[in-house]
Amino acid sequence: MTQRNLPNENSVYETERLIIQPVSVDDREFIFELYNRPKFIQYIGDRGVNSLADAENYIKNRFLPQFEKCGFGNYLVLTKDKGEKIGAVGIFEREGLDVVDIGFSLLEEFEGKGYAYEAAQKVKSIGMDIFGLTKISAITSKDNFSSQSLIKKLGLEFKNYVTLPNDDEELMYFETK
């Protein structure tokens, strides 16, 4: 498969209940809200997105370049029935990891409905089936039990603990079998 045949950063995907589309600058308000939720900060970290301008810059400087380079990245998750923005899921090149990792986050009011698994399963298949990734990893904090459960449900298994550059928290590292 040549790069020309790969989906581009404008590719939109669907599951039974969800629309999964690349995050764009137009999503700055949602990214600002999601990234400042207490659970996001607790389990994923403070990304310094303290204003709409910060959110726009984060999208421009972090998300869009990876889409341009790899064709995949961070996707917005919307419900099909109402078109509500409920979270984000993506595959990321992350400093300190040799294998791209899958990440996900939902607004709390949409947790417990299977949306995160549905979106993550689709993005995992996009990465492996469309982009030919042979391995995908995931990292999570030791106390984020719901993420650990979802990661295992995706078919990844715990390998070891890792600490990313410029971070002092030891994280659990999972990888496809």
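The values are calculated or read from the model by the stated rules, or taken from the named source; none is laboratory data. Predicted, not measured: the structure shown is a model, and the values here were computed from it. Positions of Cβ are generated from backbone atoms using ideal geometry, with glycine treated the same way; all protein chains shown enter the neighbour counts. Keep in mind that these areas ignore ligands, DNA and RNA; they rest on the heavy atoms of the full protein, side chains included. Shrake-Rupley method; radii C 1.70, N 1.55, O 1.52, S 1.80 Å.
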Q) Which of the residues belonging to segment 25-41 are open to solvent by 40 Å² or more (accessible area, probe 1.4 Å) and either within 17 Å of Ile91 (Cα to Cα) or in contact (Cβ under 8 Å) with a residue 24 or more places away in the chain (or both)? A) Arg28, Glu29, Glu33, Arg37, Lys39
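Let's see how each residue does on (1) assigned to a helix (DSSP H, G or I); (2) over 30 Å from Asp81 (Cα atoms); (3) acidic (Asp, Glu); (4) modelled with pLDDT of 95 or more:
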| site | (1), (2), (3), (4) |
| --- | --- |
| Ile102 | no, no, no, yes |
| Ala119 | yes, no, no, yes |
| Lys159 | no, yes, no, yes |
| Tyr173 | no, yes, no, yes |
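Pick out the one residue from Ile91, Ile126 that is closer than 19 Å to Ile20 by Cα, among the β-branched types (Val, Ile, Thr), outside any loop (DSSP other than H, G, I, E, B) and in contact with a Pro (Cβ under 9 Å, 6 or more places away or on another chain).
On the way: Ile91 fails: in contact with a Pro (Cβ under 9 Å, 6 or more places away or on another chain).
Checking each option against the conditions leaves just Ile126.
Within segment 112-135, identify whether any single residue is aliphatic (A, V, I, L, M), over 20 Å from Tyr13 (Cβ atoms) and surrounded by 14 or more Cβ atoms within 10 Å (Cβ to Cβ), and answer yes or no. Outline the logic, then answer.
Taking segment 112-135 first, the residues aliphatic (A, V, I, L, M) are 116, 119-120, 123, 126, 128, 130, 133.
Subset that is over 20 Å from Tyr13 (Cβ atoms): none.
Looking through segment 112-135, none of the residues is aliphatic (A, V, I, L, M), over 20 Å from Tyr13 (Cβ atoms) and surrounded by 14 or more Cβ atoms within 10 Å (Cβ to Cβ).
Can we say Asp27 is modelled with pLDDT of 95 or more, over 22 Å from Ser137 (Cα atoms) and among the charged types (D, E, K, R)? Steps first, please.
Details: modelled with pLDDT of 95 or more: yes; over 22 Å from Ser137 (Cα atoms): yes; among the charged types (D, E, K, R): yes.
Against the criterion (modelled with pLDDT of 95 or more, over 22 Å from Ser137 (Cα atoms) and among the charged types (D, E, K, R)), Asp27 qualifies.
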Q. When you scan segment 165-177, how many residues do you find that are within 13 Å of Ala138 (Cβ to Cβ) and surrounded by fewer than 16 Cβ atoms within 10 Å (Cβ to Cβ)?
A. 1
Q. What number of residues within segment 44-63 are under 26 Å from Leu133 (Cα atoms) and open to solvent by 50 Å² or more (accessible area, probe 1.4 Å)?
A. 4
Q | Close pairs (6 angstrom Cβ cut-off, 6 or more residues apart or separate chains): of a type in the set (Asp, Glu) in segment 81-101, in a strand (DSSP E or B) anywhere | A | Asp101/Phe92; Asp101/Ser137; Asp101/Ala138; Asp101/Ile139
Q: Select from segment 150-177 the residues that are closer than 17 Å to Gln42 by Cβ and not aliphatic (A, V, I, L, M) and list them in ascending order.
A: Asp167, Asp168, Glu169, Glu170
Q. When segment 73-105 is examined, which residues are found to be over 10 Å from the mean Cα position of the chain (by Cα), open to solvent by less than 30 Å² (accessible area, probe 1.4 Å) and either of a type in the set (S, T, N, Q) or under 15 Å from Ile44 (Cα atoms) (or both)?
A. Thr79
Q. From the residues in segment 129-148 that are under 16 Å from the mean Cα position of the chain (by Cα) and part of a helix (DSSP H, G or I), which one is modelled with the lowest pLDDT?
A. Ser146
